[in-house]
Amino acid sequence: MKKKRSQFQFRPSRYFSEDFKKQKVHEIVTKKATVREISNLYEIRTPIIYRWIHKYSSDHPKQTKIVVEMESESQKALFYKEKVAELERLVGQKQIQLDFMEKLIELASEELDMDLKKNFSSKLLNGSGNTSKNNPSP
């Protein structure tokens, strides 16, 4: 019979400094990261992280359960809402620039008494501008 091997069995023993542990506990307590995120990122089993929390956090003595997963999710949602708002502002700014450019073309067309949009767009649609449609033979 073969023994089942743990995924952590062949990894060399690692040492995490006290500062590293305190920093990760601080991230968890301030809800910047979850236990699961730190566990996955650094490949540390969750019971070890909970030991760090009980050791380095005065707010969470042993036998206290910590539920930060949902609050962390709400922080992520808030982050993404802010990101969407920022992107919407950028799209709004681009729309204002586009409207300005179109008005500028319209005014220039009136001033020069020619349709700049039509003349400009036909060259773009046909490619390089050296086609027979843009340069008719005399």
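No lab work stands behind these numbers, since they all come straight from the coordinates. A quick note: this is a predicted structure, and the numbers were derived from the prediction, not measured. Note that each Cβ is placed from the backbone with ideal geometry, even for glycine, and that neighbours are counted across all protein chains shown.
General observations
- Straight-line cross-link reach from residue 118 at under 15 Å between alpha-carbon atoms covers these aspartates and glutamates, not counting any fewer than eight positions away in the same chain: 102, 106, 110.
- Which listed pairs, of 32/81; 21/81; 31/76, have C-alpha distances above 21 Å, in listed order: 21/81
- Modelled FRET efficiency - R0 41 Å, residue 37 with residue 95, Cβ distances, 0.05 increments: 0.65
- Per-residue Karplus couplings for the range 92-103, computed as 6.51 cos²θ - 1.76 cosθ + 1.60 with θ equal to phi - 60°, are listed in order as x, 5, 5, 5, 4, 4, 5, 4, 4, 5, 5, 5 Hz, Gly and Pro entered as x.
- Partners of residue 55 within straight-line reach, counting aspartates and glutamates whose Cα lies under 19 Å from its Cα and excluding those fewer than 8 residues away in the same chain: 18, 19, 27.
- Each peptide in 22-28, 102-108 was scored by the mean count of other Cβ atoms within 10 Å over its residues; highest first, the order is 22-28, 102-108.
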